[in-house]
DNA sequence: AACCAGGACGTGA
DNA sequence: TCACGTCATGGT
């Protein structure tokens, strides 16, 4: 028997299809753009893409992805989407480059701190605790880095996840990050494909039904036969 | 013109 | 532990 969490995954996957996370910069006809890669689970390929995902995870903290893209492209244009360059980049320059992503003073510090940590890793896969000990990396950013940059099955919880699953009555509002994370992980197969797509699907679904309060009640998950059956 | 974005940290109680 | 203020740009 499938768990409710598995059933909701299938409903969302049927609704939206593969999401192709984490989006990566790519050159196309001399233009730099940021693209999803639905159905391709072999990314990131290069070490530089791992680093790019880590910076994106920091830059997108409480910030729309469109603003993050501008910051990433700025860094790329400056040939600064690389750890060695960022390491010796003046804080002011770094801050100006990532300015469109907001909180640019804090995020410049966070990126500096992460870059030092990343270089010291020397290519090894970081543990979750190691990531959490880096200034500026909290639980969601750590899990995003693990799941999308390093393909470690660590489920990502964000504000959307809480909003959706409280609304459909599957989690209580007072639960903290770790508790919600365990709810998902205890009810899902430990599978990179599922973890990656599930979080991405949650974000896509939330953008459609949870941007404004008056939309919450129109979430199709509320009227889904399968969900109501289990509840 | 408020309100919110794929959060995290510092502070005081 | 926990609620609350702060950080900041850009789109709706």
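Values quoted throughout were computed directly from the atomic coordinates according to the rules given, and no laboratory measurement underlies them. It should be emphasised that the depicted structure is a prediction, and the values quoted were computed from it without experimental measurement. No Cβ is skipped: glycine too gets one built from the backbone with ideal geometry, and neighbour counts run over all protein chains shown.
For a quick check: sort A:119, A:59, A:43, A:24 by the number of other beta carbons within 10 angstrom, fewest at the front. The partial results should precede the final answer.
On the way: A:119 14, A:59 26, A:43 17, A:24 22.
Ascending Cβ contact count within 10 Å gives the list A:119, A:43, A:24, A:59.
As a calculated quantity, the FRET efficiency between residue A:13 and residue A:175 at R0 = 25 Å, using C-beta atoms, amounts to about 0.55.
Principal-axis analysis of the Cα atoms of chain A puts helix A:4-16 at an angle of about 70° to the longest axis. Modelled label positions at residue A:82 and residue A:96, each set 7 Å beyond Cα in the direction of Cβ, lie 2.1 nm from each other. Taking every alpha-carbon pair under 8 Å whose residues sit at least 6 apart, segment A:108-199 reaches a relative contact order of 25 percent.
When the label point is put 7 Å from the Cα of residue A:135 along its Cα-to-beta-carbon vector, which residues of segment A:61-96 have a backbone N closer than 19 Å? It comes to A:61, A:86-96, nothing else.
May I ask you to derive the relative contact order of segment A:44-152, considering only C-alpha pairs under 8 Å and at least 6 residues apart, and to give it as an integer percent?
On the way: 103 pairs, mean separation 35.0, N = 109.
Across segment A:44-152, relative contact order equals 32 percent.
The angle separating the long axis of helix A:104-121 from the principal Cα axis of greatest extent in chain A is about 80 degrees. In this simple spin-label approximation, residue A:216 and residue A:116 carry label points 7 Å from Cα along the Cα→Cβ vector, and these lie 4.2 nm apart. With neighbours defined as other Cβ atoms within 10 Å of a residue's Cβ, the residues A:89, A:1, A:15 order from fewest to most as A:1, A:15, A:89.
Calculate, for residue A:125 and residue A:3, the FRET efficiency according to 1/(1 + (r/R0)^6) with r their C-beta to C-beta distance and R0 35 Å; round to the nearest 0.05.
The pair residue A:125/residue A:3 has a calculated efficiency of 0.75.
With 10 angstrom as the radius, rank A:37, A:199 by how many other C-beta atoms surround their C-beta, starting from the fewest. Don't skip to the answer; put the middle values down first.
Numbers: A:37 17, A:199 24.
Fewest to most other Cβ atoms nearby, the residues stand as A:37, A:199.
Between residue A:29 and residue A:182, the FRET efficiency estimated from the beta carbon spacing at R0 = 35 angstrom works out to 0.15.
Using only the Cα atoms of chain A, build the gyration tensor, take square roots of its eigenvalues as a ≥ b ≥ c, and label the shape rounded, prolate or oblate: rounded if a/c is under 1.5, else prolate if a/b is larger than b/c, else oblate. Note, shape of chain A comes out prolate.
With an 8 Å cut-off on Cα pairs and a minimum separation of 6 or more residues, tell me the relative contact order of chain A in percent.
Details: 244 pairs, mean separation 50.4, N = 231.
Relative contact order here is 22 percent.
Of all the options A:99, A:84, A:162, the one that moves most in a Gaussian network model of chain A with Cα springs shorter than 10 angstrom is A:84.
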